[in-house]
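Please read the structure below before turning to the comments.
A short reminder: the numbers here are calculations on the coordinates, not readings from a lab. Predicted, not measured: the structure shown is a model, and the values here were computed from it. Don't worry about glycine lacking a Cβ; one is built from the backbone with ideal geometry, like all the others, and counts go over all protein chains shown.
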Amino acid sequence: MANLITTLDPASRAASRGWSDTTIRNVFVIPTVAFLIIFNVFPLLYSLGFSFTDFRASSKAPVNFVGFKNYINVLADPVIWRTFSTTLWYVIVSVTGQFIVGFGLALLLNRPLPFKGLLTTLLMLPMMLSPVVVGLFWKLIYDPSWGILNYALGLGPVAWLSDANLALYAVAITDIWMWSPFVMLLSLAGLSAVPKHLYEAASIDRAGKLYTFFRITLPLVAPILLIAVIFRTMEAFKTFDIAFVMTGQPAAELISSRLYKMAFQQWQTGPSSALAYIILIMVLCITNIYVKYLNKAKER
Amino acid sequence: MRKTMVSLLAGASFLALNSMAVHAQELTILWAEWDPASYLQELVNEYQAETGVTVTVETVPWPDFQTKLFTELNAQGSAYDMVVGDSQFLGAASTGGHYVNMTDFIAKHDLTKTMAPATMKYYSEYPGGSGQYWSVPLEGDALGWAYRKDWFEDPKEMEAFKAKYGYDLAVPKTFKELIDIAEFFHRPADNRYGAAIYSQNAGDAIVMGVENSVFAYGGSFGDYNTYQVSGLVNSPESIEALEDYRKLFTFGPPGWGNAFFAEVNTAMAQGQVAMGMNFFAFFPSLVNEATNPHAANMGFFANPPGPRGEDFAALGGQGISLISYSQNQEEAMKFLDWFVEEKTQKRWAELGGYTANAAILESEEFRKATPFNEAFFQTMFKVRDFWALPEYAELLTEAADTFYPYVVNGEGTAKETMDKLAATWVETLTAAGYAAK
Amino acid sequence: MAVVSTRAGRLGNRLAITAVILVTLVFLSPIYWITSTAFKPLVLATSVPPTVVFEPSITPFVKLFTKRAQLTAPVDPAVYEAAPWWEKLILDGGERLSRDGKGEIVYSAYPDRFINSLIIAVTSTVLAVSLGTITAYGFSRFRVKGEADLLFFILSTRMLPPIVVAIPMFLMYRAVGLNDTHFGLIILYTAFNVSFAVWLMKGFIDEIPKEYEEAALVDGYTRMQAFFKIVLPEAATGIAATAVFCFITAWNEYAFALILTNRRAQTAPPFIPSQVGTGLQDWTVIAAGTVLFLLPVAIFTFLLRNHLLRGMSFGAIRK
C-alpha cells in the first residue's frame, strides 16, 4: 500500500514538527482506500464470478461455468434493450430537470433573504424522505380517483401512472421533486464562493447580466455543480425503489427494476450478475466523460 | 493495514459469538405483515401460556416477503425456525433443501384426511401427486368477489337490467353474467364503475386475476405434470378468458392499471364500484363499519362458473413449513403438533385465521360466522393454483409482463398474447431442463 | 451582491423572493399532503374526491406505536367504557389492540427501529464524514501516486447497482457474523457514503487556498494543527453539506436493512411502509411513521443551516 505513495510534498516546512507530511498523508488516505477495497472487492469478485456461471442462488444444483453466455443472452434480449433506452431517457429527463430546478433555485436563493435558513431546510425536505415512502405517496397523489393532484389542478381523470405515455414522466417528476434540493444545496455552496470583487469588476465594466453569468458565475460554480450532476446521474441510473413502487408500465420499466426482478424474484443469479456488470461498465463510461469535464473545469 | 484487518476481524468474531447463542425456548416464524400475522401472534401467545415456549411472528412487507425469505434460505440462515410461505415457493424451497420434509408428520396426524383436500395438494405436496409433503396448511385463501347489495337490489336498477339483458339482476351465476353486470353499472359520468380487478404488474397480482377467469373458463396454465404448455395456455378457452378479463378491466375505475388488493378494497370502500375481486383474507375490512362506510351493503360470492359450466377459482393462501437450517427443529415440531390439534384450529378460526381444517370449514358455525365465510367455504373446494416449480417466479414474471400490455394497454389481441406466453414458457421450461412442449 | 442596491436590483430581489416562496410552496405541497394524511381517519385518506378539510385526529400515531388486529365482532360496551382514551381511538377505528399471553398490550417495533436508525445513521455519518474529510485533504494537498485512478476507484464503488452485491454481501456478513448487528449496517453505510464524502470534500478543500495553511506553517503550526485550525473551519460548509447528505442516505436506506438485519438491528425504513391491515393499506399510519421519521433529519439540517449557507468565504485570495 505504502508504495502507492511517492515522497512528500517538498513545499512542507513543518516536517520536523509533529507528524511528517508523509505520515499524515498515509494516515489520511490509506485507511479509506483500504476499507473500500476490502469492502468492495469481495462482493465485486463474487458477482463477477457468478456472471460466468448458471448459478441460481435459490438452488443447490451444481454450478456450471458458461463462459460469456449470460452476457450474450442479456445483450440479445430485446426487453433489456428496451429498458436500457428507457433508463437512458429517464436519466436525461430527470437529471436535466434536477439541474434546472436545483440550480435555478440556488440562483434565486443566492441573495440576502429573510428566513433563508428555514426556507432552505424546508426546500430540502423532499430528499430527506425514504424513496419507498416517496414512491408510495406519489402513487397516492397521482391516483386518478383519490389522488390530490388531478383534483387540485382540475385535470380530470388523468391516469399518470398507468398511461404508457405518461408513466415515465410521472416517475421523473417525482425524482426531480425529490432530488432538485440536492443540486440546489451544492450549487448554493458553490455560488456563495464566487468572489464578490469579480462581480464588482464586472459591473464596473458594465458587463451584461448574461455575460457575467456565463463568464464569471458558471465557470466558478462548474466543479461543484459537476460533482452534483455526476452523483445524480449515477443514482438516476440505479433508480429502483421509486419507479418499482409507482408503476408497472413496461414503457416505464428501468434497467434496475429488470435487474431486481432477475436477481431477487427469479433468482437468476448468473445472468443478473452479468447484467449488473454491463450496467457498471455503462455507468463507468458515462461517469468518465463527466470526470474529464470536471478536470477541465478545474484547470480553467 | 494489517492492524485494521485484525481489529476488524476481532470485532466481527466477537459479534459472531454473540449471535450464535442459541435459545431453545424461543421459536421464530417469518410471515408477511398483515392482519392474519397478528392473529397468529395472538394464537401462539396461547401456546406460550401453555408451554412456556416463546413464539414470535416476525413480519416483513408483502412486496419484500419473497426476497427476504429466499435470501435467508439461500444463505442457509437460521434466523427463522418456521415460515408461512406461499404455495408457489414449494418447488424452490423443497428441491433446494430449504424446507424439512413433513411427510411423516402429515401421516402421523392424518392431515390428508382432516385438511381440505385442495389445501394439502397446493400448500403442501410437491411435486404434485408425489405424496411428499412440505408444510402444514395454515391460512387458507382464494379469490372471491364482493358486491354492492344495495345496488343489486335497487328495484329501478333491477328493472333496467332486466330490460337490457333479458334476465334478472342478481348474484352472477356465470362469469358472462358477471361481465354484463359490470357493464351495466359502469357509469363513469356518475363516478360509478363496474368492477375492480387486479391489474398490477408486480408479484402475482395480474396473473392471479387472469388465472381466476382462465380456470373458470376451463382453460389452463399448462399441465403441471407433463409440462405441456402449447395448446393449453393458448387454448380457445384460455384466450376467451383473457379477452373477457380485459373487457372486465375496461369497466374498472379510471387509471386502473396498477391495482392489487389494497386498491380493490379502497374502490369498494369508497363506493366506486359494483363488484370487486379480492382474496378472502382481505374481506374483513369490507364488513367493518369503521373502514368501509358501505359495510352494511356488502355481499359476497364465490367465483362464478365459466360459459361451459367449469367451476374453479384461483388459490392464494399459505402453509407453515419448517426451515432446514433451524436449530430448534424439535421444539418447532412440538409447536406444529399443537397447531394441528382440532381445538387449536378452531381457536385459529375464531381469532380470524382461515383454517384449512375441513370439518371446521364445513361446520354451520364457521359458515355463518361472517358474510363471506359461506363463499369462502364454497371456493376452497374448487381451487386451482399456479405452477410451483422452482422456476415458478420466472413463469410468473413472464406471465405478468405478457398479460399487462394486453389487459391494461389494450395492445395486440388475446390470441397473440396467449400464443406469445406459450412460446415464452416453452422456452423457459426447456432452458430449465423440462421436456416442455 | 453589489447589484442589489439599484432600483432594478431591488425589484429583481422582490421578484426572486416571491419566486422562492412560490416554489417552496409547490415543493412543500406533497409534504403537506403526507402530513395531513398522518392526522386523518383512514377512510378519508383515500376518499373520492380527496378530502382537504377535516377534523384532525391523532389516532394514526396511536396506531403507529401499537400492534393491532381487525375487529371481527362489535366491542363489548363494558370493555369500551373501561378502555383508556387512546385505546378507544383504536376501537373506534374498527381495530383492537393485540395482547400477549399475559394480557399485556403489545407495542409495535417502531420505537426500537427508530432508535436503531438513530444509532446506525449517526455513527456511520460521523465515520463517513471523518474518513471522507481526511482522505479528501490527503488527496488535495499531497502527491499521491495514481491519484486520479484511486479517486475514480473510490467513485466507482458507488456505481454498481447495490442490489447485485446483496447476495455476496449477505454471505460475507453471515460468514463473519455481522448480519443483524448494528456494527454491520454502520460499516456498510459508511462504505456507501465514504466515496461521496471524499469527492464532495475534495471539491470543497480544493477551493481552500493552500496559502492559508502555508502561512500558518510559517507561524509555527504543525501540519496537523493547520489542518484542524485552518482547514476544517474553512471547510465547514462542505462538512455540513456532506454530513447532511450522508445522514439522509444512511437514514433512509431500505434494501440492505431489510436483507441484512432481522429483529435486533433492523432500522425503521422497512417497517414504515409495511402497514397493511386486512386489505387496506393504512396510509395514515405510514404517513404518521414518515412524519416522525422525518423530524430528526429535518432538525439536523435546520441546526446546520448556517454552516450550509455560510458558503466559502475565502474566495478573495483565490489564485
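For this structure, a couple of remarks:
- Cα-based helix-to-principal-axis angle, C:147-156 vs chain C, degrees rounded to 10: 10 degrees
- Based on DSSP H segments of at least four residues, each scored -39500 (n - 2.57), chain A has a per-residue ellipticity at 222 nm of -22000 deg cm²/dmol.
- The residues B:Ser78, B:Ser124, B:Ser130, A:Ser257, when put in order of fewest to most other Cβ atoms within 10 Å, stand as B:Ser130, B:Ser78, A:Ser257, B:Ser124.
- For the range C:67-124 versus the range B:26-48, the gap between their alpha-carbon centres in whole angstrom: 15 Å
- Computed FRET value (nearest 0.05) for C:Ile299 with B:Ala107, which takes r as the C-beta separation and R₀ as 60 Å: 0.50
- Hull volume in cubic angstrom per residue (convex hull over the Cα atoms of chain C): 223 Å³
- Relative intensity, log₁₀ I(q)/I(0), of the protein assembly as shown from a Debye sum that treats every alpha carbon as a point, q = 0.04, 0.05, 0.09, 0.10 Å⁻¹: -0.21, -0.34, -1.06, -1.28
- Relative exposure of B:Arg367, B:Arg308, judged by other C-beta atoms within 10 Å (fewest first): B:Arg308, B:Arg367
- Think of the protein assembly as shown as having a plus end and a minus end, set by charges on the Cβ of Lys, Arg, Asp and Glu; of A:Gly147, A:Thr86, C:Ala16, C:Ala16 sits farthest toward the positive end of this dipole.
- Residues B:Ile29, C:Ile286 in ascending order of nearby Cβ atoms (within 10 Å, fewest first): B:Ile29, C:Ile286.
- Alpha-carbon centroid distance for the pair the range B:344-374 / the range A:108-131, whole angstrom: 56 Å
- Isotropically averaged projected area of the range C:224-306, using the convex hull of Cα atoms (one quarter of hull area), nm²: 7.9 nm²
- Between A:Lys60 and C:Phe65, the modelled label-to-label distance comes to 4.7 nm, taking each label 7 Å out from Cα in the direction of the beta carbon.
- Built amide H within the under 5 Å cut-off of B:Ala313, gap 5+: B:Val383, B:Arg384
- Axial C-alpha extent at least 30 Å, average Kyte-Doolittle at least 0.5 - helices from chain A (DSSP): A:21-50, A:78-109, A:167-191, A:269-299
- q = 0.14 Å⁻¹, the range A:35-121: log10 I(q)/I(0) [Debye, one scatterer per Cα]: -0.80
- Förster-model FRET efficiency, 45 Å R0, A:Lys298 and C:Ile21, C-beta, rounded to 0.05: 0.80
- Summing Cβ point charges (Lys, Arg +1; Asp, Glu -1) relative to the Cα centre of chain A gives a dipole of roughly 620 debye.
- With the cut-off at under 20 Å, measuring from each backbone N in the range B:278-316 to a point 7 Å along the Cα-to-Cβ line of C:Ala83 picks out B:284-296.
- Tensor-based shape of the range B:49-131 (alpha-carbon gyration tensor, a/c under 1.5 rounded, otherwise prolate or oblate): oblate
- Checked against a 31 Å cut-off, the cross-linked pairs A:Lys238/C:Lys229; B:Lys382/B:Lys420; B:Lys343/C:Lys67; B:Lys382/C:Lys40; B:Lys162/C:Lys40; B:Lys149/B:Lys247 give Cα-Cα distances beyond that limit for A:Lys238/C:Lys229; B:Lys382/C:Lys40; B:Lys162/C:Lys40.
- Violating pairs (Cα-Cα greater than 23 angstrom) within the set C:Lys145/C:Lys210; B:Lys368/C:Lys63; A:Lys139/C:Lys88; A:Lys60/B:Lys121: B:Lys368/C:Lys63; A:Lys139/C:Lys88; A:Lys60/B:Lys121
- Taking A:Asp21, A:Asp143, A:Asp163 as the candidate residues, the one with maximal mean-square fluctuation in a Gaussian network model of chain A, Cα springs under 10 Å, is A:Asp21.
- Residue with peak Gaussian network fluctuation, chain A [Cα springs, cutoff 10 Å], from A:Ala170, A:Ala57, A:Ala263: A:Ala57
- For chain B, the longest principal axis of the alpha carbon atoms and the long axis of helix B:392-407 meet at an angle near 20°.
- Only beta bridges with both residues in the protein assembly as shown are counted; by DSSP, about 70 percent of them are antiparallel.
- For the range A:69-299: rounded, prolate or oblate by the Cα gyration tensor [a/c cutoff 1.5]: oblate
- Helix-only mean residue ellipticity at 222 nm for chain B, each DSSP H run of n ≥ 4 adding -39500 (n - 2.57), per residue, nearest 500: -14500 deg cm²/dmol
- Shape category assigned to the range B:328-428 from the gyration tensor of Cα positions, a/c cut at 1.5: oblate
- DSSP beta bridge pairing in chain B, given as percent antiparallel to the nearest 5: 60 percent
- Dipole size of the protein assembly as shown about its Cα centre, with +1 on Lys/Arg Cβ and -1 on Asp/Glu Cβ: approximately 5200 debye, rounded to the nearest 20.
- Descending by average beta-carbon neighbour count within 10 Å, the peptides A:283-291, C:205-213, A:268-276 line up as A:268-276, C:205-213, A:283-291, the highest first.
- Taking a straight line from the alpha carbon of B:Lys108, these lysines sit under 16 Å away, with near neighbours fewer than eight places off in the same chain left out: B:Lys334.
- Estimated dipole of chain B in Debye, rounded to 20 [Cβ of Lys and Arg +1, of Asp and Glu -1, Cα centre]: 380 debye
- Cα-based helix-to-principal-axis angle, B:175-185 vs chain B, degrees rounded to 10: 70 degrees
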